[in-house]
Amino acid sequence: MARFLRRGTTRFYWVPTIASAALVPTTAEVTAGTRLDSQLNEVAGFTFGNNPINAPDFLTTFVGQVAGEDTSEDSSLTFYEDTVTNPIRTLLAKGASGYIFILKAGTAGANPAAGDKGDTWPVSVGSNAPIYTADNETAKYMVRFINTARPAADVTMT
Amino acid sequence: MKLKEAEVAERNLDEGWVIMSHPDLEDSYSAVPLPAFEEVWEDKGWTISPLHNPDTGETYSEEERVAQANAAAEARAQEKPADAKAAGATGDQPEADDQQAPKE
């Protein structure tokens, strides 16, 4: 057990199909997917939260709360754009449906395998567009996702 | 992900998408644009699935599906210039915010 740097450790996969209703991917499903992090520059969202509801009463001045709706922030991935070929941009076309599987602490071995833990986000691609800027930086494009269902956290691959 | 046949049929016939499956993944299908299949997924062992369209009762082979997807993509590509021409004919102009103020 040790602290770690996400860069170089955390892995991101686009997985087209996961049969498990609990969103637990198999090794075959992740292997049949595409690893995204070699071209990945920035990650936004992919966080799960809750909007608590204030429920004050006359007994106390303290404002108690009850659990409200579960929410997720807008999620997006920003990738480097290549002058010739952008296979990730092609596969994450607008309307594509699948799963972002995030191996937060990486994998035990060289490749994802049973026992590795990650978060599964059911998503569809809402937009996929270049970012234009005159700043001194590399060209990129951003893929925005629609979080289509409740994600599954800390699932262990089978 | 198990896709509903009717949903899949409508989508990929109209938009040039194909349904793919993987030999290691039983009863799992995914809808992808044909270019994505050719550029990425084919190399990862996915194959285009024959498609049964429940609306018409027809079944299409992999070759027919590729031809349909290509035809749909071409049709969509031809629609775009026509749309742009039509917009020009109606005198559509960029939003005011996009226009530069004249120099004094």
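Report whether or not A:Thr83 is assigned to a strand (DSSP E or B), under 25 Å from A:Val143 (Cα atoms) and open to solvent by 40 Å² or more (accessible area, probe 1.4 Å). Answer is no for this residue. Look through the range A:87-127, keep the residues that are β-branched (Val, Ile, Thr) and open to solvent by 20 Å² or more (accessible area, probe 1.4 Å), and return whichever of them is farthest from the other protein chains (Cβ to nearest Cβ). Among those residues, the one meeting the criterion is A:Thr107.
Of the residues A:Ala55, A:Ala44, which single one is more than 14 Å from chain B (Cβ to nearest Cβ) and farther than 24 Å from A:Thr156 by Cα? Walk me through how you get there before you give the answer.
Working: A:Ala44 fails: farther than 24 Å from A:Thr156 by Cα.
So the residue among A:Ala55, A:Ala44 that is more than 14 Å from chain B (Cβ to nearest Cβ) and farther than 24 Å from A:Thr156 by Cα is A:Ala55.
Screening A:Leu77 on (1) of a type in the set (A, V, I, L, M); (2) in a loop (DSSP other than H, G, I, E, B); (3) away from chain B (no Cβ under 14 Å) shows it passes everything except condition (2). Scanning the range B:42-51 for residues that are modelled with pLDDT of 85 or more and either in a loop (DSSP other than H, G, I, E, B) or facing another protein chain (nearest Cβ under 7 Å) (or both) yields a total of 3. Just a yes or no: is a residue in the range A:47-57 farther than 17 Å from A:Met142 by Cβ, open to solvent by 70 Å² or more (accessible area, probe 1.4 Å), in contact with a Ser or Thr (Cβ under 9 Å, 6 or more places away or on another chain) and of a type outside the set (Ser, Thr, Tyr)? For the range A:47-57, residues farther than 17 Å from A:Met142 by Cβ, open to solvent by 70 Å² or more (accessible area, probe 1.4 Å), in contact with a Ser or Thr (Cβ under 9 Å, 6 or more places away or on another chain) and of a type outside the set (Ser, Thr, Tyr): present.
Working only within the range A:109-156, note down all residues that are part of a strand (DSSP E or B) and of a type in the set (A, V, I, L, M).
Here is the first cut: in the range A:109-156, the residues part of a strand (DSSP E or B) are A:117-131, A:140-147, A:152-156.
Hits for the range A:109-156 are A:Val123, A:Val125, A:Ala129, A:Ile131, A:Met142, A:Val143, A:Ile146, A:Ala152, A:Ala153, A:Val155.
The values are calculated or read from the model by the stated rules, or taken from the named source; none is laboratory data. Remember, predicted model here, so these are calculated numbers, not experimental data. Heads up, the Cβs are rebuilt from the backbone with ideal geometry, glycines too, and the neighbour counts pull from every protein chain shown. Heads up: the accessible areas ignore ligands, DNA and RNA and are worked out on the full protein's heavy atoms, side chains in. Shrake-Rupley method; radii C 1.70, N 1.55, O 1.52, S 1.80 Å.
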